[in-house]
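Here is the structure we will look at.
The values are calculated or read from the model by the stated rules, or taken from the named source; none is laboratory data. Everything numeric in this text was worked out from a predicted model, so none of it was measured. Heads up, the Cβs are rebuilt from the backbone with ideal geometry, glycines too, and the neighbour counts pull from every protein chain shown.
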Amino acid sequence: MEDIKQLNLKKEFPPPQWEDWKQLVIDGLKGADYDKVMKTKTYEGITLEPIYRKEDIQDLGFSRSEPGASPYVRGNNPQQRIKEGWYVAQAQTESDLKELNRMLKDELMRGLSMVNLKIKHADQTQGIKIRNAKDLQTVLDGIDLIAAPPFIALDLDDEDIFSFLEQYSEQKGISLRDMQGAIGYDPTSEFARKGAVSMPLDKLWQKVLDAVIHRADRAPKLRCLIIDGTVYEAAGASSTQELAFVLSTAIGYIQGLMDSGIGIDSIAPLFAVKLSLGSNFFMEIAKVRAFRLIWSEMIKAWGGGEAAQKVWIHGKTAEFNKSTYDIYVNMLRTTTEAFSAVIGGVDSLEVDRFDAVLHESTELAARIARNQQLILCEEAYFGKVLDPAGGCYYIEKLTSELADKAWKLMQELEAEGGMIKCLRAGKIHKMVAATAKAKIDAVHTRRDVFVGVNMYANPADKNLLQEAKSPDLKGEVVLDDGPLPKGRAVARLEALRASISKSKPKIYLVNMGTISEYQARADFANGFFHVGGFEVISGNGYTDVEAAVAAAKASHAEAFCICSTDENYEKLVEPLCQKLDKPVILAGYPQDKVDAYRSAGIAVFIHLRANVYDTLKELAEKLEVDR
């Protein structure tokens with residue numbers, strides 16, 4: 001035994017050095033630029049590194065904080081999180097109040113744990129109308145609001161639901177002082193969403209102030225200000241912008257309340273914040289954590305104590321990234337979004353049903369949306385883990401960078417007078433529009449893949465969307481630029497496909513050469529044209545120009561697409577274009593031959609770097625498709 005060599009793994013296998021790893025990567029790139037290939041720029045203005053190390057977070061003080069301790073990046077209350085998880089807060093929109101009560105009771109038995117009522121507004125067709133205390137009693141009859149607290153976002157012209165709740169609580173012997181949740185206003189996001197508010201700004205503020213003063217003693221745990229960041233995400237804002245807008249909004253409210261003589265330690269617990277969760281998995285985890293960080297720093301700057309630095313975060317799955325084609329893919333999107341929300345540590349979560357974009361509620365979709373949360377909690381056990389993202393070099397660094405970007409943008413907004421002034425000056429509209437355009441361009445060029453829309457489109461899929469007209473809202477104060485336009489990244493591409501599909505134009509693939517020569521481009525062309533709603537007929541493959549032309553003409557297609565290799569194109573393009581009597585498309589983009597092929601008769605080129613929207617639109621115009 002003494003002769004057996006003792007292994008020293010650390011000595012035998014010394015840890016690799018960063019510089020060695022990087023050099024190996026650079027060598028593998030064979031001359032390509034390391035920064036361009038290995039680093040990724042995001043819509044938040046952050047450049048993602050290919051790998052993150054311990055050294056990247058050694059100066060981040062918050063990464064060493066304990067769960068439940070300031071700055072609360074790792075959550076507000078770890079013991080409650082382990083014991084109860086987060087609140088499952090699915091939105092309720094049923095307009096029949098008795099049916100709504102039945103549905104609420106049923107869902108509460110099946111895992112719902114928060115009563116999230118979506119109030120009907122002029123710009124939102126779906127929702128609930130509660131006109132008096134009797135209506136509220138009908139909705140809440142038999143429901144324990146201490147166990148399942150309410151979450152109700154109000155507009156300024158809504159009925160005073162809190163006063164109805166006071167009457168209801170008195171009748172039922174419920175202590176409002178013990179009630180969690182939120183019933184609150186956010187005039188700033190309402191202004192942005194509608195483009196107008198129903199009263200002068202001084203009266204608007206007085207209504208908010210009266211609500212705060214009235215409710216601070218009666219229901220200290222029931223938050224009366226719900227800052228809604230989802231309004232900005234729905235218009236295309238980045239995570240940086242959403243966080244900055246929410247923070248600047250909060251600063252405006254806090255300053256006004258402090259000027260009215262209310263202390264910061266009394267003000268801070270009055271807030272709940274509603275944040276969107278998009279498809280960028282790690283960014284959305286960092287987003288929730290980053291907001292806790294910047295909120296804590298803001299309250300600390302006002303002189304608030306540690307307890308006041310906590311904030312209630314209500315997460316909601318995003319809207320801008322949803323599709324109407326292949327709508328079941330939305331289920332996958334909301335799953336990753338809910339996953340991000342839970343890992344990030346939201347206090348309550350609302351998952352949209354996969355068919356929400358169709359504006360028609362189905363029981364199946366509602367059940368699946370609720371069960372997505374229950375699976376994460378009851379089967380994946382994420383409700384039993386404290387801050388699972390804590391210590392992850394990538395997420396901790398991303399949290400820091402996102403917080404820094406949002407803080408700097410908030411300072412920029414504050415330097416120009418705050419959110420209301422920036423909205424009225426059109427600054428918010430311009431910022432969000434620029435980001436939305438970048439996101440839409442990424443969809444059209446397929447840098448961002450949307451399965452079922454700009455990639456892997458199902459030709460049998462139907463467009464079920466019925467676009468609702470935006471109401472012409474008027475008020476005492478109106479934004480010159482109107483409301484922030486609510487949109488979706490794939491909307492233009494879906495509209496193009498829907499319009500082209502009406503005519504069902506056919507494109508025949510003129511496959512030339514052997515299978516190995518034409519198959520790759522034929523498959524690419526097939527997928528490319530399906531994105532636009534064209535019907536594709538694929539030829540068998542030809543080595544003879546005359547036979548290919550005869551088959552193409554016999555198809556009665558409106559256009560022909562040549563598929564083969566760049567080498568074959570040199571001898572095929574000109575004779576095929578001469579004999580084909582309808583627009584000819586080329587699969588590929590041989591740069592040194594483009595001008596010559598255009599002169600020969602090629603009308604459109606389709607290729608990997610093509611803007612799929614512009615290309616398909618151009619093709620539809622050349623074919624005179626009725627749109």
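Here are some notes:
- Subset tally (residues that are touching a residue at least 60 places away in the same chain (Cβ under 8 Å) and crowded, with 18+ Cβ neighbours inside 10 Å) for the range 359-369: 2
- Check on Tyr72, in contact (Cβ under 8 Å) with a residue 40 or more places away in the chain, more than 30 Å from Gly305 (Cβ to Cβ), touching a Ser or Thr at 6+ places or on another chain (Cβ under 8 Å) and surrounded by 12 or more Cβ atoms within 10 Å (Cβ to Cβ): no
- Ile313 falls short on exactly one of the conditions (1) over 28 Å from Val449 (Cα atoms); (2) surrounded by fewer than 23 Cβ atoms within 10 Å (Cβ to Cβ), and that condition is (2).
Condition check ((1) in a helix (DSSP H, G or I); (2) over 21 Å from the mean Cα position of the chain (by Cα); (3) closer than 30 Å to Thr334 by Cβ) across all residues:
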{"residue": "Ala250", "(1), (2), (3)": "yes, yes, yes"}
{"residue": "Gln255", "(1), (2), (3)": "yes, yes, no"}
{"residue": "Met258", "(1), (2), (3)": "yes, yes, no"}
{"residue": "Ile262", "(1), (2), (3)": "no, yes, no"}
{"residue": "Val273", "(1), (2), (3)": "no, no, yes"}
{"residue": "Phe282", "(1), (2), (3)": "yes, no, yes"}
{"residue": "Ala286", "(1), (2), (3)": "yes, no, yes"}
{"residue": "Trp295", "(1), (2), (3)": "yes, yes, yes"}
{"residue": "Gly304", "(1), (2), (3)": "no, yes, no"}
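- Breaking point among (1) under 26 Å from His607 (Cα atoms); (2) modelled with pLDDT of 95 or more, for Asn458: (2)
- Single condition Gly345 does not satisfy, out of (1) small (Gly, Ala, Ser); (2) in contact (Cβ under 8 Å) with a residue 60 or more places away in the chain; (3) farther than 22 Å from Pro78 by Cα: (3)
- Phe450, sole failed condition from (1) over 22 Å from Ala559 (Cβ atoms); (2) surrounded by fewer than 23 Cβ atoms within 10 Å (Cβ to Cβ): (2)
- Filtered by the rule that a residue be touching a residue at least 24 places away in the same chain (Cβ under 8 Å) and under 20 Å from Leu413 (Cβ atoms), the range 250-266 gives Ala250, Ile251, Gly252, Tyr253, Ile254, Gly256, Leu257, Met258.
- The one condition in (1) over 29 Å from the mean Cα position of the chain (by Cα); (2) aliphatic (A, V, I, L, M); (3) surrounded by fewer than 18 Cβ atoms within 10 Å (Cβ to Cβ) that Ala122 fails to fulfil: (1)
- Any hit, the range 44-65, residues being in a helix (DSSP H, G or I), surrounded by fewer than 10 Cβ atoms within 10 Å (Cβ to Cβ) and touching a helix residue (DSSP H, G or I) at 6+ places or on another chain (Cβ under 7 Å): yes
- Taking the numbered list (1) farther than 30 Å from Val342 by Cβ; (2) surrounded by 12 or more Cβ atoms within 10 Å (Cβ to Cβ); (3) not β-branched (Val, Ile, Thr) in turn, Asp35 passes all entries but (2).
- Top-ranked residue of the range 319-334 - restricted to ones that are part of a helix (DSSP H, G or I) and within 12 Å of the chain's Cα centre (by Cα), ranked as surrounded by the most Cβ atoms within 10 Å (Cβ to Cβ): Thr334
- Verdict on Phe528 being at pLDDT 95 or above and crowded, with 21+ Cβ neighbours inside 10 Å: yes
- Taking the listed residues Asp404, Asp461, Asp448, Asp480, the one that is touching a residue at least 60 places away in the same chain (Cβ under 8 Å), acidic (Asp, Glu) and on the phi < 0 side of the Ramachandran plot is Asp461, with no other qualifying.
- Single match in Leu374, Leu402 (criterion: in the same structural domain as Gln124 (by TED's automatic domain parsing), surrounded by 20 or more Cβ atoms within 10 Å (Cβ to Cβ) and outside any loop (DSSP other than H, G, I, E, B)): Leu402
- Look at (1) over 24 Å from Asp347 (Cβ atoms); (2) out of contact with any His (no Cβ under 9 Å at 6 or more places or on another chain); (3) assigned by TED's automatic domain parsing to the domain that holds Ser113 and you find that Leu423 fails only one, number (2).
- Test for Glu337: is it in the same structural domain as Arg370 (by TED's automatic domain parsing) and surrounded by 24 or more Cβ atoms within 10 Å (Cβ to Cβ): yes
- Selection within the range 93-102 - at pLDDT below 95 and either surrounded by 14 or more Cβ atoms within 10 Å (Cβ to Cβ) or not in a loop (DSSP other than H, G, I, E, B) (or both): Thr93, Glu94
- From the options Glu84, Glu55, Glu44, residue that is acidic (Asp, Glu) and in the same structural domain as Val346 (by TED's automatic domain parsing): Glu84
- Considering (1) surrounded by fewer than 21 Cβ atoms within 10 Å (Cβ to Cβ); (2) outside any helix (DSSP H, G or I); (3) in contact with a Phe, Trp or Tyr (Cβ under 9 Å, 6 or more places away or on another chain), the lone condition that Arg424 does not fulfil carries the number (2).
- Pairs, first on the phi < 0 side of the Ramachandran plot in the range 420-432, second of a type in the set (D, E, K, R), C-beta under 8 Å, six or more apart: Cys422/Glu416; Arg424/Asp480; Ala425/Glu416; Lys427/Glu416; His429/Asp481
- Screening the range 185-199 for residues that are under 17 Å from Glu242 (Cα atoms) and not basic (Lys, Arg) and picking the one that is surrounded by the most Cβ atoms within 10 Å (Cβ to Cβ) gives Asp186.
- Test: residue in the range 494-504 that is without any contact (Cβ under 8 Å) to a residue 60 or more places away in the chain, under 30 Å from Ala547 (Cβ atoms), surrounded by fewer than 23 Cβ atoms within 10 Å (Cβ to Cβ) and of a type in the set (A, V, I, L, M, F, W, C): no
- For the condition buried (at least 21 other Cβ atoms within 10 Å of the Cβ) and of a type outside the set (Val, Ile, Thr), Ala491 does not qualify.
- Residue in the range 7-14 that is assigned to a helix (DSSP H, G or I) and touching a helix residue (DSSP H, G or I) at 6+ places or on another chain (Cβ under 9 Å) present: no
- Comparison of Gln167, Gln171, Gln206 shows that the only residue that is in contact with a helix residue (DSSP H, G or I) (Cβ under 6 Å, 6 or more places away or on another chain), assigned to a helix (DSSP H, G or I) and of a type outside the set (Ser, Thr, Tyr) is Gln167.
- Only one entry in Gly475, Gly487 is assigned to a loop (DSSP other than H, G, I, E, B), within 17 Å of Ala192 (Cβ to Cβ) and modelled with pLDDT of 90 or more, namely Gly487.
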